[in-house]
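Report on the following structure.
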C-alpha cells in the first residue's frame, strides 16, 4: 500500500540518544498515521546499511527514490501542529553539561519552543535526504 504525503501534518517528534535517531509522528489528509524515522542508531552492528536511512512506518525507503523525494517535498511544506506538549520546565536543567554538538543544538531548540524543536528535527531529515 502506497502512503500518501498529501496534506502531511507533523504532530510530534522524538530524538533518541542512540546516536541521534529522529522520529516524526505525522498524519496525512486521509487521516493515516505516518511515522517517519531517520535511523542513526550507532550500535546496530548487524544492520550497518540502515544507518542514516529513512523509514516510513518501519519500511526502509529506497535512497534517492521518487518516494524519498516526495517525502522531502512534503516535509518542506508540512505544518507543525503540536497536539500535546510535554512540560519541559524543570525536567532538563539549563545548567546542564552536554558534550555532543548535535545534542546541544537539539536542547537549544527545545529550550526555545516545542515548535522550534520539531522544525529542527524536520530539517535534519530534509538535509539528510538532500545530502
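Considering 45, 33, the condition of being at negative phi and either at pLDDT 95 or above or surrounded by 17 or more Cβ atoms within 10 Å (Cβ to Cβ) (or both) is satisfied by 33 alone. Are any of the residues in the range 61-73 within 15 Å of the chain's Cα centre (by Cα) and more than 12 Å from residue 129 (Cα to Cα)? Looking through the range 61-73, none of the residues is within 15 Å of the chain's Cα centre (by Cα) and more than 12 Å from residue 129 (Cα to Cα).
Here is a check on your reading of the model: is residue 14 under 18 Å from residue 116 (Cβ atoms), part of a strand (DSSP E or B) and modelled with pLDDT of 95 or more? Judged against the criteria, residue 14 is not a match.
For residue 23, the conditions (1) over 18 Å from residue 82 (Cα atoms); (2) touching a strand residue (DSSP E or B) at 6+ places or on another chain (Cβ under 6 Å) all hold with the exception of (1).
Among the residues of the range 63-81, which ones are surrounded by 17 or more Cβ atoms within 10 Å (Cβ to Cβ) and not in a helix (DSSP H, G or I)? Of everything in the range 63-81, those that are surrounded by 17 or more Cβ atoms within 10 Å (Cβ to Cβ) and not in a helix (DSSP H, G or I) turn out to be 78, 80.
Picking from residues in the range 48-62 that are in contact with a helix residue (DSSP H, G or I) (Cβ under 8 Å, 6 or more places away or on another chain) and in a loop (DSSP other than H, G, I, E, B), the one that is surrounded by the most Cβ atoms within 10 Å (Cβ to Cβ) is 61.
The values are calculated or read from the model by the stated rules, or taken from the named source; none is laboratory data. The structure presented is a predicted model; accordingly, all values stated were derived computationally and were not measured. As a convention, Cβ positions derive from the backbone with ideal geometry for all residues, glycine included, and neighbour counts pool all protein chains shown.
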